[in-house]
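Taking it in order: structure first as structure tokens, then the write-up.
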Amino acid sequence: MKRLIFAALLPAIFVFAPLAASAQNYPNRTVTVVVPFPAGGSVDGVARILVQKLNEIPGYSFIVENRAGGAGGTVGANTVAKANADGYTLLLSASIHVINPFLFKSVPYDVVKDFTPVSLLAVGPLIVSTTPSVQAKSLKDFFDLVRKSPDKYTFGTTGIGSASHLSIELLKRDAGLNTLVVAYKGTAPALTDLMSGQIQLLADPMLSSLPLAQSGKIKALAITSLKRMPSAPEIPTVADSGMKDFEFVSWYGVWGPKGLPAEITNKLATEMAKVVKQPDVQKRLITIGFDPVGSNPGEFAKYIKDEMAKYEKVIKDANIKVN
């Protein structure tokens, strides 16, 4: 009988042995972290901080690959959805990744079923900025100008359905405005047009906007957190401009393709959490306006579920539609 039981277990042993070995030896070649947006934006910045530190681990080799294109980063995300579930192709994206299904009639993947949550890296507010030539000292002043001459102003967003987009739409709604919003394919082109005055308002993460605000290339009017940020205490909150309880944050996480083995998923999450908790990394993230997190896969999965419920309501209430 014992021989029969052992014989019956042999197939399972041979199935799981390679899996355990692969997890134990992972990674033994270069891991590609796909960023579905152009270089220079906030998602790219977070990815490069993470990858730089992961590469300091002996035997680790990670690279960032920017695959911009497609609304809300769907092109880059789709490459990860279709990749082998071996841990060598990962996605690092922002909250837009789970917002897309509420905006588009068709997305080439299921954001829940076709991906494996690995870790929530960081969350942070956005800076609401205008071009320096606009004569407004506060967000309230700015909206007063728009009401007087609505045709003179155009708002921008770093991508359809992004945190940038949703926050701008909510600001429009709360301010009672019907201003044109131009959607860009990424942070860099939107900021370029803000600096030149092609658009007059943009909500964008602190990582990419704060240095420009501090150098005077754009004018920071407000921040979308409930409290002022230690890295930029001079920037008032949106609530300080009269919009009580206004809060909207952007967040950044890592996913693998569906079916990523739990051993590899947990190993990645553990190493990423260690990176995020390093004092120098925390200092860098806090300085640029992020709250470091470094969650485990289960915590990230729950966070995604909660955020998707919130975004669905926001999009419905604000009547945000993609043409």
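Residues in segment 75-99 that are open to solvent by 20 Å² or more (accessible area, probe 1.4 Å) and at pLDDT below 95: Val75 alone. Could you check segment 132-150 and list, in sequence order, the residues that are hydroxyl-bearing (Ser, Thr, Tyr) and open to solvent by less than 60 Å² (accessible area, probe 1.4 Å)? Selection gives Ser138, Ser149. For segment 171-181, the criterion of being over 21 Å from His97 (Cβ atoms), at pLDDT 95 or above and either among the small types (Gly, Ala, Ser) or open to solvent by less than 30 Å² (accessible area, probe 1.4 Å) (or both) is met by no residue. Applying the condition of being open to solvent by 70 Å² or more (accessible area, probe 1.4 Å) and under 22 Å from Gly40 (Cα atoms) to segment 51-68 and asking which residue is nearest to the chain's Cα centre (by Cα) yields Arg67.
To keep it simple, each residue is scored yes or no on (1) farther than 22 Å from Thr224 by Cα; (2) charged (D, E, K, R).
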{"residue": "Leu268", "(1), (2)": "yes, no"}
{"residue": "Met272", "(1), (2)": "yes, no"}
{"residue": "Val275", "(1), (2)": "yes, no"}
{"residue": "Gln278", "(1), (2)": "yes, no"}
{"residue": "Leu285", "(1), (2)": "no, no"}
{"residue": "Ile288", "(1), (2)": "no, no"}
{"residue": "Asp291", "(1), (2)": "no, yes"}
{"residue": "Ala301", "(1), (2)": "yes, no"}
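Based on what the data block shows, is Ile264 among the β-branched types (Val, Ile, Thr), part of a loop (DSSP other than H, G, I, E, B) and buried (at least 16 other Cβ atoms within 10 Å of the Cβ)? No, not satisfied. If the condition is being under 20 Å from the mean Cα position of the chain (by Cα) and over 25 Å from Ser162 (Cα atoms), then segment 250-269 contributes Thr265, Leu268. Residues in segment 206-247 that are open to solvent by 10 Å² or more (accessible area, probe 1.4 Å) and either among the aromatic types (Phe, Trp, Tyr) or assigned to a strand (DSSP E or B) (or both): 3 in all.
This table checks each residue for (1) modelled with pLDDT under 90; (2) over 21 Å from the mean Cα position of the chain (by Cα); (3) among the small types (Gly, Ala, Ser); (4) within 17 Å of Gly45 (Cα to Cα).
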residue	(1), (2), (3), (4)
Thr157	no, no, no, no
Ala163	yes, no, yes, yes
Asp193	no, yes, no, no
Gln214	no, yes, no, no
Ile218	no, yes, no, no
Pro233	no, yes, no, no
Gly242	yes, yes, yes, no
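Looking only at segment 268-323, which residues are open to solvent by less than 20 Å² (accessible area, probe 1.4 Å) and in a loop (DSSP other than H, G, I, E, B)? Correct list: Gly289, Phe290, Gly294, Ser295, Ile320. Scanning segment 7-36 for residues that are of a type outside the set (Ser, Thr, Tyr), at pLDDT 90 or above and surrounded by 15 or more Cβ atoms within 10 Å (Cβ to Cβ) yields a count of 6.
The values are calculated or read from the model by the stated rules, or taken from the named source; none is laboratory data. Remember, predicted model here, so these are calculated numbers, not experimental data. Positions of Cβ are generated from backbone atoms using ideal geometry, with glycine treated the same way; all protein chains shown enter the neighbour counts. The protein model used for the area step is the full one, side chains on, heavy atoms only, and it has no ligands, DNA or RNA in it. Shrake-Rupley method; radii C 1.70, N 1.55, O 1.52, S 1.80 Å.
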